[in-house]
1. Could you list all residues from region A:389-415 that are closer than 12 Å to A:Thr311 by Cα and in a loop (DSSP other than H, G, I, E, B)?
2. Give the residues of region B:224-255 that are buried (at least 17 other Cβ atoms within 10 Å of the Cβ) and small (Gly, Ala, Ser), sorted by residue number.
3. Does region B:219-231 contain any residue that is in the same structural domain as B:Arg343 (by TED's automatic domain parsing) and touching a Phe, Trp or Tyr at 6+ places or on another chain (Cβ under 6 Å)?
4. Select from region B:189-224 the residues that are aromatic (Phe, Trp, Tyr) and in contact with a helix residue (DSSP H, G or I) (Cβ under 7 Å, 6 or more places away or on another chain) and list them in ascending order.
5. Quick check on my filter: what residues within region B:181-215 are more than 28 Å from B:Ile81 (Cβ to Cβ) and in contact (Cβ under 8 Å) with a residue 12 or more places away in the chain?
6. Taking A:Ser322 as meeting all but one of (1) modelled with pLDDT of 90 or more; (2) in contact with a helix residue (DSSP H, G or I) (Cβ under 8 Å, 6 or more places away or on another chain), write down the number of the exception.
7. Only one of (1) surrounded by fewer than 16 Cβ atoms within 10 Å (Cβ to Cβ); (2) within 14 Å of chain A (Cβ to nearest Cβ); (3) free of Cβ contacts under 8 Å to residues at least 24 places away in the same chain is not met by B:Leu107, so which one is it?
8. What do you reckon, is A:Met117 within 20 Å of A:Gly390 (Cβ to Cβ), assigned by TED's automatic domain parsing to the domain that holds A:Val380 and crowded, with 24+ Cβ neighbours inside 10 Å?
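The values are calculated or read from the model by the stated rules, or taken from the named source; none is laboratory data. Just so we're clear, the structure is a prediction, and the values are computed from it rather than from any experiment. With ideal geometry, Cβ positions are generated from the backbone for all residues, glycine too; neighbour counts draw on all protein chains shown.
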Amino acid sequence: MRSRIAPAAALMAAALLATSCGGAGETQEGAAADLDVAPGVTEDSIKIGSHQPLTGPAAPGYVHISTGAAAVFDYINDNGGINGRQIDYVVKDDAYDPARTIEVTRELVHDEEIFAMLGGLGTPTHSKVVDFLNDEGVPDLFVSSGALMWNQPDKNPLTYGFQVDYTKEAKIQGQYIAENMPDAKVGYLHQNDDVGTDSENGLEQYVAEQRVAVESYDSGNTDVGPQVSALKEADADVVVCSCIPAFSALAMLEAASIGYEPQFVVSTIGADSATLQGLLSEFAAEAGQDDLPAEQMLDGMIYTGYFPSVTMQNDPWVQLFSQIYEDHAEGDSPMTNTTIYGMVQATLMGKALMEAGDDPTRQSLIDAVHEQDLTGPGLVPFASGEDDHGGYSGAQVLQYRAGKEPEVLQDAQVTDNAGGEITEAEVDRPGPDEFGFHDE
Amino acid sequence: MVSLSDHESTSRDKQPESTAPAPTVGDRWRALPALVRFPLAALAAFAAILALTSVTGPTGDLRIGSVGYYMLAIAGLQLLIGYSGQISLGHGAFMFIGAYTMALLVLNQPALPLWLNMIITVVLSCTAGVLVGAATARLHGPYLAGATLALAVGLPALTVRYPELLGGSNGLAFSTRGAPASLAGVITNTQWQAAAVWGTTLIGLVVLATISAGRLGRRMRALRDDEAAAGLAGIPVGRTKVIAFVISAGAGGLAGACQAYLLGTATPSSFTVTLSLSLLAALVLGGLGSMWGAFFGAVALVYVEVWGEELAHALALDSNVANNLPIVFFGVLLILVILVWPRGLHGMASSLADLVRRGR
């Protein structure tokens with residue numbers, strides 16, 4: 001008997017040692033979180049959280065997303081809230097540093113006990129908390145980034161995208177160029193991360209034969225002179241700029257200074273005309289040029305968009321948003337497309353919460369997101385079904401006109417982010433009064 | 001930490017009574033050899049951390065863990081700047097190396113245990129320290145600062161150069177094994193992670209404290225005070241400098257590995273020049289020339305921002321002001337502390353303790 005106990009004990013000890021000293025990367029799958037709960041919901045309030053770059057390198061421009069969202073929530077609260085509950089919108093500053101994002105997200109989930117996350121901003125930042133939010137069972141709605149990774153219902157069942165992803169948008173740009181400027185030589189200028197690679201994947205499907213140059217920039221280096229010169233050398237007539245606003249502006253200034261006048265085609269992330277004007281004047285002033293005709297420089301810029309821009313003053317949603325902004329936004333900066341971006345997110349969130357019922361749980365919120373058509377203010381259909389978490393699924397092609405409404409060059413088109421066809425979008429766009437919480 | 005200060009305060013409490021030459025507890029404590037004293041203090045500190053994390057929530061655990069790895073990085077910097085007198089503006093680069101080593105090991109060799117990953121990290125970052133230290137051994141003052149600054153600016157760009165391996169500017173994300181199954185229900189995953197970080201930090205601190213209390217530490221201080229005199233006294237100037245650089249690089253790398261392990265990510269935007277400068281600012285704020293300075297500096301680095309945010313919230317300020325208040329708060333604190341107590345928070349603590357003692 002004794003001879004058997006000793007090996008058995010040794011084996012058990014070895015097993016214990018092996019499990020306690022297991023590989024650092026060997027993780028076990030936990031059970032799915034319980035969604036039939038409603039933390040952050042009280043008799044008269046619902047707590048919604050977000051992480052945003054309020055300071056740091058990404059703050060100029062993007063800081064206004066949460067200003068816009070807060071204004072809409074304030075408006076909803078003034079009109080009686082959602083099913084009698086006031087929305088408590090908590091924004092934490094992560095300075096666009098993933099390490100901070102992780103900290104503030106845990107704070108939001110564990111200390112603030114938010115009901116859901118809305119519009120966490122940035123690919124490098126939000127990608128680090130997606131697993132955490134899904135493990136904790138926190139609905140992670142309308143991520144503020146066009147990366148493809150938010151649309152993975154199998155892996156991240158609680159994460160939903162918002163803006164049109166970079167590949168879909170680039171496919172629509174590519175097709176427009178191939179059809180309308182078949183003889184043009186095309187150059188790409190893009191950011192050297194997923195924005196660049198995803199956009200290039202889309203463009204290549206349509207303009208591979210017209211492409212004469214591919215240039216990329218690093219967001220840490222503000223000198224785009226070499227890239228713009230290379231595009232000029234290659235005689236590119238069209239420059240597709242998949243850039244953030246600062247770099248769209250830098251590229252345009254650089255081109256102007258070397259006497260290069262290509263047709264710019266800019267993605268939504270970098271085409272906010274009001275922000276661009278501000279940046280153009282600012283950069284020109286830094287270079288000692290105070291009288292830059294910023295608005296004229298943008299005249300003729302082709303861009304893609306999936307929600308109405310601030311210059312479309314006849315659009316009922318823009319009219320409502322302008323009114324809300326005037327009445328409820330703090331600060332005195334002018335309303336921009338970036339503000340509208342946050343306002344659209346908040347509008348969709350309000351709609352989903354309203355449909356989640358009188359006693360919302362996280363499950364009923366997710367059900368509402370699945371069942372409702374959340375297109376709302378958008379110009380293209382919004383995908384938020386069980387199998388497609390892609391958000392806005394296409395874009396319009398527009399042209400900026402100085403001092404006028406932008407011209408729609410091509411109506412809204414939708415597509416997928418693989419090799420699928422591009423088709424005409426069928427949008428049933430509800431007006432603000434049909435959306436529910438706007439009745440006075 | 002807590003228990004260490006307890007020991008000291010016990011000694012102070014008893015001093016006025018013990019007019020007899022009988023040794024007090026504090027004297028006996030200080031008479032212990034460093035190799036016994038530091039590990040004992042570390043064990044007591046570890047117990048205090050375990051006790052502390054058992055009452056805090058997951059966010060608290062994360063912050064306590066952050067204090068841990070920052071403290072290790074700052075302590076390494078303390079050895080370099082406070083003891084050997086060399087200025088490095090690029091310590092974030094070694095944290096970068098450590099964090100990416102840990103991330104790549106976890107992602108590509110998931111079967112390796114955590115302690116082995118930590119050891120590999122230390123070896124790699126020490127190697128980087130040898131290369132940098134040897135190249136910069138002849139530089140001093142502002143030239144060394146400039147060279148290390150270049151390292152901090154340049155190194156994170158590697159991620160963009162090799163996006164397949166290093167994940168580009170979005171960095172790497174991974175998850176690590178939490179508390180072992182046999183401890184389920186006793187401690188949570190976040191507690192386990194905070195304990196693992198502090199365990200590593202304390203081992204690192206024991207090594208650093210032992211070095212600085214021994215011959216090498218004495219040589220470094222001699223070098224700091226007068227390089228020519230130290231050379232004349234037979235101290236190998238160049239070698240001692242490089243050794244100090246290598247040790248502090250190892251501490252920085254280990255701190256980076258702890259950060260990556262704690263947060264489950266390594267991203268270039270976490271390792272900007274701002275991080276290197278923050279470490280230096282925290283070191284000066286905490287106090288140069290004492291390992292306690294590293295502790296105060298790390299606490300300030302993590303908590304001043306939290307308090308600043310709470311203050312901004314309490315004052316209900318305009319959002320433009322409120323967003324930037326935590327940074328301003330840290331800056332004002334730094335300026336005030338340096339003006340009033342040039343030896344930093346550690347200097348403040350000891351002069352307050354002196355006041356109390358004299359007041360008796």
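1. A:Tyr400, A:Arg401, A:Ala402, A:Gly403, A:Lys404, A:Glu405, A:Pro406
2. Correct list: B:Ala230, B:Ala244, B:Ser248, B:Ala249, B:Gly250, B:Ala251, B:Gly252, B:Gly253, B:Ala255.
3. Step one: of region B:219-231, the residues in the same structural domain as B:Arg343 (by TED's automatic domain parsing) are none.
No, every residue in region B:219-231 fails to be in the same structural domain as B:Arg343 (by TED's automatic domain parsing) and touching a Phe, Trp or Tyr at 6+ places or on another chain (Cβ under 6 Å).
4. Here is the first cut: in region B:189-224, the ones aromatic (Phe, Trp, Tyr) are B:192, B:198.
Residue satisfying the conditions is B:Trp198 alone.
5. Of the residues in region B:181-215, the ones more than 28 Å from B:Ile81 (Cβ to Cβ) are B:181-193, B:195.
Hits for region B:181-215 are B:Ile187, B:Thr188, B:Thr190, B:Gln191, B:Trp192, B:Gln193, B:Ala195.
6. Just one mismatch for A:Ser322, condition (2).
7. (3)
8. On the way: within 20 Å of A:Gly390 (Cβ to Cβ): yes; assigned by TED's automatic domain parsing to the domain that holds A:Val380: yes; crowded, with 24+ Cβ neighbours inside 10 Å: yes.
Against the criterion (within 20 Å of A:Gly390 (Cβ to Cβ), assigned by TED's automatic domain parsing to the domain that holds A:Val380 and crowded, with 24+ Cβ neighbours inside 10 Å), A:Met117 qualifies.
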